[in-house]
Each structure stands twice: as structure tokens, then as C-alpha cells.
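Visitor: One structure coming up, written as C-alpha cells, with questions to follow.
Readers should treat all values here as calculations from the given coordinates under stated rules, not as data from a laboratory. Here the structure is a predicted model, which means the values were calculated and not measured. Here Cβ is always computed from backbone atoms with ideal geometry, including for glycine, and neighbour counts include all displayed protein chains.
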Amino acid sequence: MIKVIGLSRVHITLFDVEGKYGRLDGGMGVGLKFPRVVVREGNCGSFEVEGVPKVGYCVEEDYEEHVGLGHTTQFLLALGKLAFESSFTRKSAVEIAKLLGRGSTSGVGVHVFEVGGFVVDGGHSKKVKKEFLPSDFSRAPPPPLLMRVDFPWYIYVNVPRGGRRIFGKEELQAFKEAKVEGVDALMRVAFMEFVPSVVEGDLDGVLEALDVIQGLGFKRVEWGLQTEEVRSLSKAMRSKGFPNGLSSFGPAIFTFCKKRECEELKSTFGGFYTEPNNEGAKVVWS
């Protein structure tokens, strides 16, 4: 029997939704050990997609979709990986994503499935993607992986019940109507503060940059679409000394912390915390 043990992710930000300099999208995020998708060979369901071997499967572990933790991509990649492994064929996450139509906006979910950790992708050339669209409405291939390092901290996550779940036509509308500001500033904060701070293990620097990112570029648009309950939780966390971010469109809010701080967050606000997934998805044969 073959089993694929997947993961989830937080998406920190998209970089450039304007494409003024010839590329669109780009982004960064972190793989999470929990929650995760775990699928195995079985007769509970059948996965059939053109270009992918047919496979029967059962789901052992799963998590909520449309909350900002990348479920659609992780679930489909896990099934795609299971299908090819069951046919004794090795395919990378990027190859599978191309066949399944994932990674057409952000490559974070695809790349953390393959290698885990903290990843940064380089977005799409306007030669292959003409306009800013979500993955469900674009057939662009996954963007290139620019960097990947082990992530050194725990990740705290809270998904407010009263948050909006933005997907499908609503997500498409948000992409098409987005009026963004501060893209140049966002790039400086991301590449001259956030990324170096991760590499240097500077948690304070990472959190300072994360806080600034929330008011810049497309992230500001995403916050504007969320509910007052989500924004209130973010403000309450910040008032306790915990800068935080919105993962994708949310409603999942996240921050990075040492274990004792994560325990404090969980005790005060609920939610959960998890170790990073620094390995990517695993295939287990038994």
C-alpha cells in the first residue's frame, strides 16, 4: 500500500500584482506540519484527471478548505503524487501541478509540497501570463523557486469562525478589481528585511517586517475583504505584542513564535500552533 503524507502552508504575501516590470505574482510562504492531508490507496473514491493515472484512494487526514491554508493545492498534489507513485512513476510537484492546473498564481504551495521550509517564488513572466488571475482561472505553469531555507520557528494559526471564505468567482472579482498601493515598498520590506531576517534567525526582524507587509500591496486588499471579527483578532494579538499576518485571503491569521509564546497565544486566543514542515510531502510504501 502507498500513502502520501502531505502538509499545509501559510502564504505570507504576493509581491507584484501590477506587472509593471515584466513579471506578475511572486510570493513567499512556509510549510506547516499540521494540519495536513494524508491519502492512501483504497476504494473510498476515484481520482481521474486527464494526463494522470487513475487511482482509487481513501483520505486518512484532511483539513478545511478556503480558510487560507492552501487546501486545494495540497489535496490535489497529494492525490496526483499517489496516482503516479501507484503507477511506479516519479513526478515532481511542479510536473504534477502543471497537469492539475495548480500554481498559476503563487508557487508557494507547490514548492513547499516538494521541499518544505520557507520558500520564495519568482512569479510569472508576462510572456506566459498576461494578467493577474487566481489559479482556478489561469493555466500558467508554476513559477520558479528562487530560494528555500529551513524555517526555524513555530507557527501559530487561528481561523475565526466568523471570517469570510473567499474563493471562486468572488476571488476572481477581487483579483480583477484590486487597486494596490505600495508595491515598491512591499518589495523592499520583503527582500531587505523579511527574507534576510529568516536566513539570520532574527525573529524580531521577521515580525517587524510581517507587520509592515499587512498594509502594503495586495495584502491590504485581502484584509479589506475580511470581517470585523478577523480584524479585531488581529488587533487584539498586536496589542499583546504579537504582530501577525493574514494567510492568503484568510480568514486564517498567523504569526511566528517560540514555543512558550505560542502557548501564551493559544491560551489567550485559542487556535493552535505547529512546527514547520521542513521536508515536504512524504511517500510511504508498506
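Visitor: For the charge dipole of region 2-285, defined by +1 on Lys and Arg C-beta atoms and -1 on Asp and Glu C-beta atoms about the Cα centroid, which residue among G250, P53, T274 has the Cα displaced farthest towards the positive pole?
Guide: Ranked along the dipole, the leading option is P53.
Visitor: Going by how many other beta carbons lie within 10 Å of each one, how would you line up M1, M147, M237, fewest first?
Guide: By the 10 Å Cβ count, ascending, the order reads M1, M147, M237.
Visitor: When Lys and Arg each count +1 and Asp and Glu each count -1, what net charge do the other residues less than 14 Å away from Y273, Cβ to Cβ, add up to?
Guide: My count for the surroundings of Y273 gives +1.
Visitor: In debye to the nearest 20, how big a dipole does the chain give about its Cα centre with +1 on each Lys and Arg Cβ and -1 on each Asp and Glu Cβ?
Guide: 420
Visitor: Between E131 and A185, what FRET efficiency comes out of the Förster formula 1/(1 + (r/R0)^6) with R0 = 30 Å and r the beta carbon distance, rounded to 0.05?
Guide: Efficiency at R0 = 30 Å is approximately 0.85.
Visitor: Looking at the square roots a ≥ b ≥ c of the eigenvalues of the Cα gyration tensor of region 62-199, which shape do they give, rounded for a/c under 1.5, prolate if a/b is larger than b/c, or oblate?
Guide: Cα axes put region 62-199 in the rounded bin.
Visitor: What list of ³J(HN,Hα) couplings, whole Hz, do you get for region 74-90 from phi and the Karplus terms 6.51, -1.76, 1.60, once you set θ to phi - 60° and write x for glycine and proline?
Guide: Residue by residue, region 74-90 yields 5, 5, 5, 5, 4, 5, x, 4, 4, 4, 6, 5, 5, 9, 6, 10, 8 Hz.
Visitor: Below 16 Å, Cα to Cα, which lysines can K54 reach? Residues fewer than 8 away in the same chain don't count.
Guide: Those lysines meeting the cut-off are K3, K81, K91.
Visitor: Determine, from the Cβ-Cβ distance of E200 and Y21 and an R0 of 41 Å, the FRET efficiency 1/(1 + (r/R0)^6), rounded to the nearest 0.05.
Guide: 0.90
Visitor: Next question, about the same structure. Pairs K176/K235; K129/K219; K20/K176: which exceed 18 Å Cα-Cα?
Guide: Pairs exceeding the cut-off: K176/K235; K129/K219.
Visitor: K259: which lysines have alpha carbons under 21 Å from its alpha carbon, excluding same-chain residues fewer than 8 sequence positions away?
Guide: The reachable lysines, counting only those whose Cα sits under 21 Å from K259, are K33, K240.
Visitor: A further question on this structure: How are the C-alpha pair distances of the chain spread across 5 Å bins, as whole percents from the shortest bin up?
Guide: With a bin width of 5 Å, the distribution comes to 1, 6, 13, 17, 19, 17, 13, 8, 4, 1, 0.
Visitor: Okay, next question. Separation of region 218-286 and region 39-72 by C-alpha centroid, Å?
Guide: One Cα centre to the other: 25 Å.
Visitor: Cα gyration tensor of region 59-128, axes a ≥ b ≥ c as square roots of the eigenvalues: rounded (a/c below 1.5), prolate (a/b > b/c) or oblate?
Guide: Oblate is the answer for region 59-128, as a/c is 1.5 or above yet b/c matches or exceeds a/b.
Visitor: Right, next: What relative contact order, as a whole-number percentage, does the chain give when Cα pairs under 8 Å and 6 or more residues apart are counted?
Guide: Value for the chain: 26 percent.
Visitor: Also: Going by how many other beta carbons lie within 10 Å of each one, how would you line up C58, C257, fewest first?
Guide: With the fewest neighbours first, C58, C257 line up as C58, C257.
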